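Remarks on the structure that follows.
The values are calculated or read from the model by the stated rules, or taken from the named source; none is laboratory data. From a predicted model like this one, the values you see are computed outputs, not experimental measurements. Cβ coordinates were reconstructed from backbone atoms using ideal geometry, including for glycine residues, and neighbour counts include every protein chain displayed. For the accessible areas, the whole protein counts, side chains as well, though only heavy atoms, and no ligand, DNA or RNA atoms are used. Shrake-Rupley method; radii C 1.70, N 1.55, O 1.52, S 1.80 Å.
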Amino acid sequence: MEEAENDLFYSQMNTSIGPITIAASNQGVCALYFGESEEVINGMKPWIQKYKIGDVFQEDTDILEVAKKQLHEYFDGDRTEFDMPLDLYGTSFQRSTWKALQQIPYGETRSYKQIADEIGSPRAVRAIGSANNKNPISIIVPCHRVIGSNGKMVGYGSGIDKKEYLLRLEGALQPVSS
Amino acid sequence: MKKWNDALQEHLKDWMRFQLGLVGTRPDKTTPQETEMLRRLKRSLQHREATLLKIIVSFYPYRIHRFGKQENVTYQLVISRFMKIKQKYHIEEQVLHRLVKTHDGHLLIDKLIQKESLPTKKISTSNQQVDRGFSYDRRNAVQYAERWWDDYNSSYRKFTDNCTNFISQCLRAGGAPMRGMPERGKGWWYGKGTWSYSWAVAHSFRWYLSSSTEGLRASEVENVKELGLGDVICYDFNGDDRWQHSTIVTGFDGNEEPLVNAQTTNSRARYWTYEDSTAWTPNIKYKFFRIG
């Protein structure tokens, strides 16, 4: 039987909205958070242990080249869909929410209510918000495309400014006029 | 940059040509286990009088590890094999996670990185009480297996080794009743955030099936040809009485032998013997269970 190479590799990239840290297990990309790698990885440790996603953390600049390339293209406005294996871990409810998020096309938004209806739990609007916040693969699983029923920007774990930036990049928000 | 890409493409072409019988020499950059596996696969195809008509592969790299001139790439490999046995056609599919190591554009080795089976844990013992039968909806179980073999239903937890969890979900989709909750060593059940050992651990599952007289039940049969759609096969790859893997019958090839779906390695319509697995050994043991 083959040994399982269970190391978790991560890497930081700099983008127009600041540093992003990406991590991949041996099954695929498993995390993308805003922030510098050291801080992000420390925050991820309990979750990694809980789901037994990897044993050893290793930083490597090139390793996530494929994901980084696609993200750079996304930030340049040249990519509307990501194409890479993902390794998503979470509770049942979280995973069904994230699945629904992955169905929202580039440049569109949905309300928390619509997502709740989509996954067949119309009264779970609050829980959707919480699952949205716990999304481990920001941008690629587009939790930024969920907004309040009144069209307002509400809660984004990494800050509303980032959410607005991403939606504006995708053309889902009109430029603010003063 | 990307020197590994050409090397991997060439290697995969060799790997396919060898299976298709277009070249006699095996690809030389696989591990000894996989080289053996490829030989077994070819012997097995001959034995089944199967013609491999076509192989389609695609690969999706997601980790590229560079040091000096060496590049190690972790990638997902999606394989479809088109087979013909006695006028009957079928397509076998697999999704593998693999690691290829290259040096300056030369391929050093290409190997599988995931285990084919679960580590064994506790044996479940169960108190049997009243005998209550159930009617097993084989078609629903098979439909579930076809829908989810390379995906994860979010109603259930996803385990790093998901094989028996997947088979249990199929049986559940076929209407198999749960019992024993909340004692993890008892019965066969999945609840909120917890589950019985028999639900997710291959060894416990195998012993549950041969001992249960209530709820989900099964009868052991001697011959693989007695199995029908939705029935289950358990595997002890090393023959040491630790049961490591479970699959579900989802079809039959031209010899009326079962084709199975399974997870980790995610497989569809795979020939039931697992000779095409690196986990296979000459001491392999099987158990065939008729469900219901």
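Where Lys and Arg each count +1 and Asp and Glu each count -1, what net charge lies around B:Ile109 among other residues with Cβ under 11 Å from its Cβ?
Charge balance in the 11 Å sphere: +1.
What average count of beta carbons from other chains do you get within 10 Å of the Cβ of residues in B:55-67?
5
When Cβ neighbours within 10 Å are restricted to other protein chains, what is their mean count per residue of peptide A:19-27?
Partner Cβ neighbours, averaged per residue: 3.
Counting only protein heavy atoms and rolling a 1.4 Å probe, how much accessible area do B and A lose on contact, total for both sides, in Å² to 100?
3000
Net charge near A:Ala23, counting Lys/Arg +1 and Asp/Glu -1 over other residues with Cβ under 12 Å of its Cβ?
For residues surrounding A:Ala23, the net value is -2.
Excluding B:His11 itself, calculate the net charge of residues whose Cβ lies under 10 Å from the Cβ of B:His11, where each Lys or Arg counts +1 and each Asp or Glu counts -1.
With Lys, Arg at +1 and Asp, Glu at -1, the neighbours total -3.
In whole percent, what relative contact order does the stretch B:3-112 give with Cα contacts below 8 Å and a gap of six or more residues?
Relative contact order here is 27 percent.
List the lysines whose alpha-carbon lies under 23 Å from that of A:Lys134, not counting same-chain residues fewer than 8 positions away?
Within the straight-line limit of under 23 Å, A:Lys134 reaches these lysines: A:Lys45, A:Lys50, A:Lys52, A:Lys68, A:Lys99, A:Lys113, A:Lys152, A:Lys162, A:Lys163, B:Lys158, B:Lys192.
Out of the trypsin sites (Lys or Arg not before Pro) in the stretch B:153-257, which ones are loop residues according to DSSP with at most 12 other C-beta atoms within 10 Å?
B:Lys192
Quickly rank B:63-70, A:27-34 as a protection proxy: mean count of other C-beta atoms within 10 Å, highest first.
Top to bottom by mean Cβ count within 10 Å: A:27-34, B:63-70.
Compute the FRET efficiency between B:Gln9 and B:Arg147 as 1/(1 + (r/R0)^6), taking r as their Cβ-Cβ distance and R0 = 30 Å, and round to the nearest 0.05.
Plugging the Cβ-Cβ distance into 1/(1 + (r/R0)^6) gives 0.40.
Under a plain spin-label model, where a point goes 7 Å from the Cα along Cα-to-Cβ, how far apart in nm are B:Thr213 and B:Thr35?
5.3
Can you work out the accessible area per residue across the protein assembly as shown, with the rest of the protein chains kept in place, probe 1.4 Å, in square angstrom?
Value returned for the protein assembly as shown: 44 Å² of accessible area per residue.
Taking B:Lys54 as the anchor, which lysines have their alpha carbon closer than 21 Å to its alpha carbon, excluding any fewer than eight residues away along the same chain?
Leaving aside lysines fewer than 8 places away in the same chain, those within reach of B:Lys54 are B:Lys13, B:Lys42, B:Lys84, B:Lys86, B:Lys88.
Would you tell me the accessible area of B:Leu45, worked out with a 1.4 angstrom probe on the heavy atoms of the protein chains, in Å² to the nearest 10?
B:Leu45 exposes around 20 Å² with every protein chain in place.
Taking the Cα-to-Cβ direction at B:Ile56 and at B:Arg17 and moving 7 Å from each Cα, how far apart do the two end points lie in nm?
2.2
May I ask you to rank B:Thr250, B:Thr194, A:Thr80, A:Thr61 by accessible area, largest first, using a 1.4 Å probe over the protein chains only?
A:Thr61, A:Thr80, B:Thr194, B:Thr250
Mind giving me the FRET efficiency for A:Asn150 and B:Asn140? R0 is 45 Å, r the Cβ-Cβ distance, nearest 0.05 is fine.
Computed FRET efficiency for A:Asn150 and B:Asn140 comes out at 0.60.
Using a Förster distance of 22 Å, how high is the FRET efficiency between A:Asp78 and B:Lys2, based on the Cβ-Cβ distance and rounded to 0.05?
0.70
For B:Asp28, B:Asp236, write out the residues from largest to smallest accessible area, computed with a 1.4 angstrom probe and no ligands counted.
B:Asp28, B:Asp236
Compute, for A:Tyr106, the solvent-accessible surface of its heavy atoms (probe 1.4 Å) with the complete set of protein chains present, and express it in square angstrom to the nearest 10.
Answer for A:Tyr106: close to 60 Å² accessible.
Excluding ligands and nucleic acids, what accessible area in Å² is computed for B:Trp272 using a 1.4 Å probe, to the nearest 10?
30
What percent does the relative contact order of chain B come to when contacts are Cα pairs within less than 8 Å and at least six residues apart?
Once normalised by length, the contact order is 18 percent.
Using every alpha carbon pair in the stretch A:8-75, what percent of pairs falls into each 10 Å bin from 0 up to the bin containing the largest distance?
For the stretch A:8-75, the binned pair fractions read 21, 58, 20, 1 percent.
Could you grab the Rg to Rh ratio for chain A? Cα atoms only, Kirkwood for Rh.
0.97
Taking the alpha-carbon distance from B:Lys2 and a cut-off under 15 Å, which aspartates and glutamates remain once sequence neighbours fewer than 8 residues away in the same chain are dropped?
Output for B:Lys2: A:Asp62, A:Glu65, B:Glu10, B:Glu71, B:Asp104.
With just the Cα atoms defining each centre, how far is the stretch B:158-192 from the stretch B:1-16? Give it in Å.
A separation of 41 Å, based on Cα centres.
How many partner chain Cβ atoms sit within 10 Å of a residue's Cβ in peptide B:147-160, on average, as a whole number?
Counting Cβ atoms of other protein chains within 10 Å of each residue's Cβ and averaging gives 4.
The stretch B:229-290 to the stretch B:36-54: how many Å between their Cα centroids?
Value for the Cα centre distance between the two parts: 16 Å.
Carbon-plus-sulfur fraction of the accessible area of the stretch A:36-171, 1.4 Å probe, in percent?
Its accessible area is 45 percent carbon and sulfur atoms.
Carbon and sulfur: what percent of the stretch B:138-291's accessible surface (1.4 Å probe)?
46
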